[in-house]
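This report refers to the structure that appears directly beneath it.
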Amino acid sequence: MAAPLLTLITFLPALAGLLLSPLKAEKGGIVRFAALFVTLAVLGLAGAVWFLFDPKGDPIQFREDHLWIRSLYLTPTKGITYSVGVDGISLAMMVLTAFLMPLAIRASWHQPKGFLITLLFLETGMMGAFVALDLFLFYVFWEAMLIPMYLLIGIWGGPRRIYASVKFILYTIVGSVLMLAAILYAATQAGTFDVVTLQGQLPRLLAGSPDTQYWLFLAFAVSFAIKVPLFPFHTWLPDAHVEAPTAGSVILAGVLLKMGTYGFLRFAIPFFPDAAQHFTPLIVALSTIGIIYGSLMAMAQSDIKKLVAYSSVAHLGFCMLGIFSGTLQGAQGGVLQMVNHGLSTGALFLLVGVIYEKTHRRGVDDFGGMAKVMPVYATLFMIVTLSSIGLPGLNGFVGEFLVLFGSFPNHPTATAFASLGVVLGAVYMLKLYRDVFFGPVTRPEREKIGDVEKGDLAYLLPIVALIILLGVLPNLVLSRTERSVSAVVKNLQPDRVSH
Amino acid sequence: MSHLLWLIPVLPLAGFLVNGLLKLPKPVSCIVGCAGPIASFVISVLVFLRIHGHQDVVQTVFSWISVGQLNVPFGLRVDPLSGVMILVVTGVGSLIHVYSISYMHDDEGFSRFFAYLNLFMFSMLVLVLGDSILLMFVGWEGVGLCSYLLIGFWYKELKNADAGKKAFITNRVGDFGFLLGVFCLWALYKDVNFAQMAGKAIPHSVQLAGHEVSGDALAFWAGLFLFIGACGKSAQIPLYVWLPDAMAGPTPVSALIHAATMVTAGVYMMARMNFLYQGSEVLSIVVTIAALTAFMAGLIAVAQNDIKKVLAYSTVSQLGFMFAGIASGDFHTGMFHVVTHAFFKALLFLGAGAVIHALHGEQDIRKMGGLGKKLPALAAVFVAGALALAGLPFTAGFFSKDAILVAVFEQASVQAAFGPAWLLLVASAGLTAFYTTRLVLIVFLDAPGAHRPPSPEASAGSHAAPQEGDHGHGELHKPGLLIMAPLAILAVASLFGGYLLDRPMEEFLKPVWGEEKHPLNFAAAHDHAHALNILVSCIVFAVGVTAGWVIYGRAAGRDWVKRFAEGGGKKMYWLLENKFFVDEIYEYTIIAPLKMGATIVWFLVDRVLIDTILVNGTGWIVYAVGGALRRTHTGSINVAVVSFLAGALALLAFVAYQFKDTWQLPFLH
């Protein structure tokens, strides 16, 4: 591989952030355009990787390996390495991140310089976590990505931003610390931090000691479950979302939550397959509870952002159910649903941001009859709503369907309950839509707020277009992820061959 | 011809995109809106002529979902069954589009209306033509979306938007069943393609969650779950409640979606899945639900005063007949009724729309009357539709309803559930004749205002507020050619369509389900059953019409009618007028508890238990422990020295205790 594409994708934003930092605050215009340009360039590079990725080629492509910290204890790599590479799953996540970033920047056009630079650093953290193939490197990015999000919520958030940001970071770090302990134990046992080697060796090394596997799995799993968030580790999410600025919510829902599901796919399941099988009933149960519980909680909300936050709990429940379904269809659906949720929930937060900027309100009661005042906005909101409730023809359906379809053969009862989420999703989303858009205009001062502006369409239309595209051609994603996902799924099948 | 197949659904889709994305002037907008469906109709006819030689026309457009064994292309298939349906959908659909040009002419959402209507045509055609149950589900949900959008078309009134939401969510409950049905089908057949599934036998046993499950049991559940889906879309007990409310939409929508096409999708789906239902025990459940629905909705229709509500409950009732036909195992009878019902119910709805239009938005039949003299042409076509609905011998409705009664009657000797169902259906047929007669008499024959409610209380609960157009008592608004022409075509079809299609359709559809298995002495018994049922059909028609005519026509206002209306009839009427309070029962047993429960759980479990006690509680404990320990860090040298000594002594004591048996300290050696 000639050009270190993944390294460029990962570090371009941080580099730009560093270079932009000395500029005076008044130079906001330059920072804005530079940030947009850099994120678009990253999207271009990620797009290149997407098209150059050969679904039938090596499992991991675009690999780069460099020795980073020498340590003779660590065979065969002689130390901690800077290794990056993508398989189908990380490719999908990387492109999703690259796609959402310019939109988030464009939606933050009015924000100060520091905000945009923080977003750029955030992108480096996320990209790094998705492409890292060294466990140590992964952990560095995993923690590094928390800081910008902490700042986004804590500095530029709503009235309760301090509470929300502290809760967010403490909760996540509790999980991270557990994971760190497990990482250190696992890496010293196997003598390497290399993820691919660990995936091959750990199951064999730990085959004889199920208790060790269980504890290590749980340490990873709790960390990821907090991030997902899996019921009952979800209560940081509504607070964080409500207080976060629009771009923060978009990235939090669109990308950061996927770190959790990604962690299960990349580390927890392949490292500790016996434990993963052992805990599958528990995780399936929690996912199903999350689907129904999240939907019920969404029904009870009167703050639009909180409603969307709880709907994320339900949607991520679908992802987790699919990942632990033990079938290719279910896990593929789970991965696709990760992408879909990033698009539809990202779009919902972008849309809420539009009216929030206009009115500084986001309560359901603060609006009413908006379809008459904002017809274009109402149309876009309708499409995204339909995507969120899984209408066939849009992206949400394929993911949700594959998850349920794939989990039915192994977990029919859980699937039946999870399918109720399809009904409940329609209940809370259509209620939201009705209350905000239909009927007479409830507040006279809203008559004059005007429809979406061209500047808003610039970031709303691409995401809506992708929502439709993936509904019609989901194979664009599925074909690239199939091989990697099927390797993960093999770990969960009862006839898994122990080495 | 097969390479043109994709155009049938895609042409209306193009119409939707053009009208949806561009702001066109009205004339262009309606030409675009009507061109798609009409062109689809033409292609459908061409394709239909092709399949007459029992040659299915298939086309795979592109690969939609493929994951492992699951491979779902966007594939279309025209066989006799879908061939009949596309003709009905595009034919009746085109007529209704033309009618809408005039009907919706003054509406500010003119282009939006045609865009939605076109999107509906696309979805309905995908539903019909889809070659796998998953693609059918795409259309199935698509028509549901269009129904939602069109019921709430006049969204500025929350009542309309609520009716749309109710329709969508009730249908979602059905979809829950549909999805589980699809999962069961996959477990059974490892396929979702109709032709592939039909070609496979149900396996003896299936692996599910590590257990052996009998294939027949799973097939039963698959059939039942799919029927739940059908109950949602096709408004059967217990999911019928959305359809009467759906009348909040513009009348052409009621005609196209909520009478002629979409609501029959459940019947079509079960006919499509005939290989699953043949000889299935589910059919006893289906026929019972169907007959109960037909009877109950027929009863409610008697006591409605909104012209569209009468027709809506009538539709629910007629859908019951269609399901009974499917349940009998003679699938063609159900499909036959789908077709004839599309003719006469579209006619009745469009006719009702013309009446409403003529009266400037009035929908309450008690304020109508005497329209027969003022609008004779409209009255004539409406009566043609009414006669077909009521089942006048030799009209379309008579043939199809009779075929269903025969089929159910014959099945009664095999399965116990069919006997009572047959009786209920016969009674429903009588009710149909009765309420249809009532409707026609009150709207067209009586003097205006003859059925004004005697007291305000009597009309409480049925506020049929005018919804369409402006309300005023000016001149009658006479229907123009664009309205009358579609009505005339449908009137001809309603009168003669049954006679013309009865035998040909049965023959034509035979390849879809093959020869039905009948006992040896079938032919003779069949003739007997047929003769008996024709007789019964004629009798109930005569009784129903006569009763309606006596009560609402000839003897209206007589003392004994009044006494009945004031006495025993009043309570019954009250119960029927309020639709057996089913909506209220659902509200208080399901909807309100769900809403309340969500809020209570949110507060008690999410806020208090999880967030405050567990999550923040952990934080507080850490904080409190840290705070307490902090007090020991006083910074005073004295305290530090004392605690150092205390610690050192404690450590020594601990080590000494550990080695108390030997009294030999390890570091001394």
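The values are calculated or read from the model by the stated rules, or taken from the named source; none is laboratory data. All of these numbers come straight from a predicted model, not from anything done at the bench. When we count neighbours, we look across all protein chains shown, and the Cβ atoms used for this are built from the backbone with ideal geometry, even at glycine. Please note that ligands, DNA and RNA were not included when accessible areas were found on the heavy atoms of the full protein model with its side chains. Shrake-Rupley method; radii C 1.70, N 1.55, O 1.52, S 1.80 Å.
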Residue B:615 at the interface with chain A (Cβ under 9 Å from one of its Cβ atoms) and either open to solvent by less than 100 Å² (accessible area, probe 1.4 Å) or modelled with pLDDT under 90 (or both): yes
Residue within the range B:273-286 that is closer than 30 Å to residue B:153 by Cα and in contact (Cβ under 8 Å) with a residue 40 or more places away in the chain present: no
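Against the definition (assigned to a helix (DSSP H, G or I), charged (D, E, K, R) and either modelled with pLDDT of 95 or more or surrounded by fewer than 16 Cβ atoms within 10 Å (Cβ to Cβ) (or both)), how does residue A:482 come out, yes or no?
Details: assigned to a helix (DSSP H, G or I): yes; charged (D, E, K, R): yes; either modelled with pLDDT of 95 or more or surrounded by fewer than 16 Cβ atoms within 10 Å (Cβ to Cβ) (or both): no.
Considered against the rule, which asks whether it is assigned to a helix (DSSP H, G or I), charged (D, E, K, R) and either modelled with pLDDT of 95 or more or surrounded by fewer than 16 Cβ atoms within 10 Å (Cβ to Cβ) (or both), residue A:482 comes out as no.
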Any hit, the range A:365-378, residues being under 15 Å from residue A:307 (Cβ atoms), of a type outside the set (D, E, K, R) and within 12 Å of chain B (Cβ to nearest Cβ): no
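For the structure I just gave you, tell me whether residue B:98 is within 18 Å of residue A:397 (Cβ to Cβ) and part of a helix (DSSP H, G or I).
Values: within 18 Å of residue A:397 (Cβ to Cβ): no; part of a helix (DSSP H, G or I): yes.
No: the conditions fail for residue B:98.
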Residue list for the range A:54-82, filter: under 27 Å from the mean Cα position of the chain (by Cα) and either open to solvent by 70 Å² or more (accessible area, probe 1.4 Å) or closer than 30 Å to residue A:248 by Cβ (or both): A:54, A:56, A:58, A:59, A:62, A:63, A:65, A:82
Number of the condition not met by residue B:164 [criteria: (1) at the interface with chain A (Cβ under 9 Å from one of its Cβ atoms); (2) touching a residue at least 24 places away in the same chain (Cβ under 8 Å); (3) over 18 Å from the mean Cα position of the chain (by Cα)]: (3)
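What residue, among those in the range A:412-430 that are over 25 Å from the mean Cα position of the chain (by Cα) and within 7 Å of another protein chain (Cβ to nearest Cβ), is nearest to residue A:349 (Cα to Cα)? So that I can check it myself, show each step before the final result.
Within the range A:412-430, the first condition is being over 25 Å from the mean Cα position of the chain (by Cα), and the residues that meet it are A:412-413, A:416.
Retained after the next criterion (residues that are within 7 Å of another protein chain (Cβ to nearest Cβ)): A:412, A:416.
Working: A:412: 33, A:416: 30 Å.
Here the residue is A:416.
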The range B:286-295, residues that are under 23 Å from residue B:140 (Cα atoms) and either among the acidic types (Asp, Glu) or open to solvent by 10 Å² or more (accessible area, probe 1.4 Å) (or both): B:289
Test: residue in the range B:357-379 that is within 30 Å of residue B:476 (Cα to Cα), part of a loop (DSSP other than H, G, I, E, B), among the hydrophobic types (A, V, I, L, M, F, W, C) and touching a His at 6+ places or on another chain (Cβ under 8 Å): yes
Unmet requirement for residue B:45, which otherwise passes all of (1) closer than 25 Å to residue B:150 by Cβ; (2) assigned to a helix (DSSP H, G or I); (3) at pLDDT 90 or above: (1)
Residue B:591 vs. criteria out of contact with any Ser or Thr (no Cβ under 8 Å at 6 or more places or on another chain), within 14 Å of chain A (Cβ to nearest Cβ) and of a type in the set (A, V, I, L, M): yes
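Wholly within the range B:530-608, which helices (runs of 4 or more DSSP H) include no fewer than the required count, namely at least 3 residues that are without any contact (Cβ under 8 Å) to a residue 40 or more places away in the chain, more than 30 Å from residue B:404 (Cβ to Cβ) and of a type outside the set (Gly, Ala, Ser)? Explain how you work it out, then say what you get.
On the way: elements: B:559-566, B:568-577, B:582-586, B:592-601.
Result: B:559-566, B:568-577, B:592-601.
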The range A:379-411: number of residues that are open to solvent by less than 20 Å² (accessible area, probe 1.4 Å), among the β-branched types (Val, Ile, Thr) and more than 7 Å from chain B (Cβ to nearest Cβ): 4
Whichever residue in the range B:178-205 is away from chain A (no Cβ under 11 Å) and in a loop (DSSP other than H, G, I, E, B) and, among such residues, is nearest to residue B:69 (Cα to Cα): B:191
Checklist (1) open to solvent by 10 Å² or more (accessible area, probe 1.4 Å); (2) not in a helix (DSSP H, G or I) applied to residue A:305, failing item: (2)
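Within 14 Å of chain A (Cβ to nearest Cβ) and aliphatic (A, V, I, L, M): is that true of residue B:551 in this structure?
On the way: within 14 Å of chain A (Cβ to nearest Cβ): no; aliphatic (A, V, I, L, M): yes.
Considered against the rule, which asks whether it is within 14 Å of chain A (Cβ to nearest Cβ) and aliphatic (A, V, I, L, M), residue B:551 comes out as no.
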The range A:431-445, subset open to solvent by 30 Å² or more (accessible area, probe 1.4 Å) and assigned to a helix (DSSP H, G or I), residue farthest from the other protein chains (Cβ to nearest Cβ): A:445
Leading residue by the ranking (nearest to the other protein chains (Cβ to nearest Cβ)) among those in the range B:135-159 that are surrounded by fewer than 23 Cβ atoms within 10 Å (Cβ to Cβ) and touching a residue at least 60 places away in the same chain (Cβ under 8 Å): B:157
Search result, residues across the range B:494-508 that are aliphatic (A, V, I, L, M) and open to solvent by 20 Å² or more (accessible area, probe 1.4 Å): B:495, B:500, B:501
Evaluation of residue A:421 against (1) open to solvent by 20 Å² or more (accessible area, probe 1.4 Å); (2) modelled with pLDDT of 90 or more (one fails), failing number: (1)
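Given A:385, A:379, which one is in a helix (DSSP H, G or I), of a type in the set (Ser, Thr, Tyr) and in contact with a Ser or Thr (Cβ under 9 Å, 6 or more places away or on another chain)? Lay out the reasoning, then the answer.
Working: A:379 fails: in contact with a Ser or Thr (Cβ under 9 Å, 6 or more places away or on another chain).
Among A:385, A:379, only A:385 is in a helix (DSSP H, G or I), of a type in the set (Ser, Thr, Tyr) and in contact with a Ser or Thr (Cβ under 9 Å, 6 or more places away or on another chain).
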Search result, residues across the range B:42-84 that are among the aliphatic types (A, V, I, L, M) and open to solvent by 10 Å² or more (accessible area, probe 1.4 Å): B:42, B:43, B:45, B:46, B:49, B:58, B:61, B:84
Members of the range A:289-302 that are open to solvent by 10 Å² or more (accessible area, probe 1.4 Å) and not aliphatic (A, V, I, L, M): A:293, A:301, A:302
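Being within 14 Å of chain B (Cβ to nearest Cβ), modelled with pLDDT under 95 and out of contact with any strand residue (DSSP E or B) (no Cβ under 9 Å at 6 or more places or on another chain): is that true of residue A:454 here?
no
Has the range B:99-115 got any residue that is within 26 Å of residue B:272 (Cβ to Cβ), open to solvent by less than 10 Å² (accessible area, probe 1.4 Å) and not β-branched (Val, Ile, Thr)?
No - not one qualifying residue is present in the range B:99-115.
What helices (runs of 4 or more DSSP H) lie completely within the range A:217-263 and have 3 or more residues being within 13 Å of another protein chain (Cβ to nearest Cβ) and under 22 Å from residue A:352 (Cα atoms)?
Working: elements: A:236-243, A:246-251, A:257-263.
Result: A:236-243.
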Residue that is closer than 26 Å to residue B:374 by Cα, surrounded by 12 or more Cβ atoms within 10 Å (Cβ to Cβ), at pLDDT below 85 and not polar (S, T, N, Q), where the choices are B:486, B:454, B:466, B:511: B:466
